[in-house]
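What follows draws every value from the coordinates through simple rules; no lab data is involved. From a predicted model like this one, the values you see are computed outputs, not experimental measurements. Glycine gets a Cβ as well: all are built from the backbone with ideal geometry, and neighbour counts include every protein chain shown.
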Amino acid sequence: MTEQYDAAKKNRTADPILLKYYSLARLGRPADADAYLRAASARFRGGFADHALLLSALGTRMDGYTPGDTNDEELRRARFFGALEQIKKGDRKHARSLLQSAIDEAPADSFMALVAQIELERLQTTDAPTK
């Protein structure tokens with residue numbers, strides 16, 4: 001039992017929090033999204049890189065910290081969630097660039113490459129001219 005708890009604790013990430021936050025924002029519920037992000041961030045117990053992602057979503061700068069200082073996966077996650085932030089702000093061109101970087105630099109069978117590809121396809125579909 002302790003091993004299962006330790007494994008779950010070790011693998012905890014901010015990903016579910018951020019995915020829900022950006023989903024709420026995309027659904028046109030910014031107040032709910034912001035309230036959820038503040039509450040979930042206050043309860044979050046994870047690693048430094050994940051706290052940095054949450055702080056970034058909250059609009060807090062972390063001077064002296066650059067995503068990817070620890071590893072490449074951290075950088076890909078920062079680019080993916082940065083792309084979702086750019087979509088939220090309406091900068092779809094920058095979002096596409098960040099998503100493409102996350103795809104190009106991730107192993108083809110990685111979760112991050114898959115979700116980045118889905119978001120990129122969603123952007124391309126919504127950017128396509130309607131008939």
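What net charge is computed for the residues neighbouring ILE87, neighbours being all others with C-beta under 12 Å from the C-beta of ILE87, Lys and Arg scored +1, Asp and Glu -1?
Details: positive: ARG26, LYS88, LYS89, ARG92, LYS93, ARG96, ARG122; negative: GLU85, ASP91, GLU119, ASP127.
Overall, the nearby charge balance is +3.
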*Exactly which trypsin sites (Lys or Arg not before Pro) in the range 16-68 are in a DSSP loop and have at most 14 other Cβ atoms within 10 Å?*
ARG45, ARG61
*To the nearest µm²/s, what D does Stokes-Einstein give for the range 2-127 at 37 °C and 0.692 mPa s, using the Kirkwood radius over alpha carbon pairs as Rh?*
216
*Tabulate in residue order the Karplus-calculated ³J(HN,Hα) for the range 74-85, using 6.51 cos²θ - 1.76 cosθ + 1.60 with θ = phi - 60°, rounded to whole Hz; enter x for Gly and Pro.*
4, 5, 4, 5, 4, 5, 4, 6, x, 5, 4, 5
_List the residues, sorted by chain then number, that are 5 or more residues from ALA14 or on another chain and whose placed amide H is less than 5 Å from its amide H._
none
*State, as an integer percentage, the relative contact order of the range 2-127 based on alpha-carbon contacts under 8 Å between residues 6 or more apart.*
17
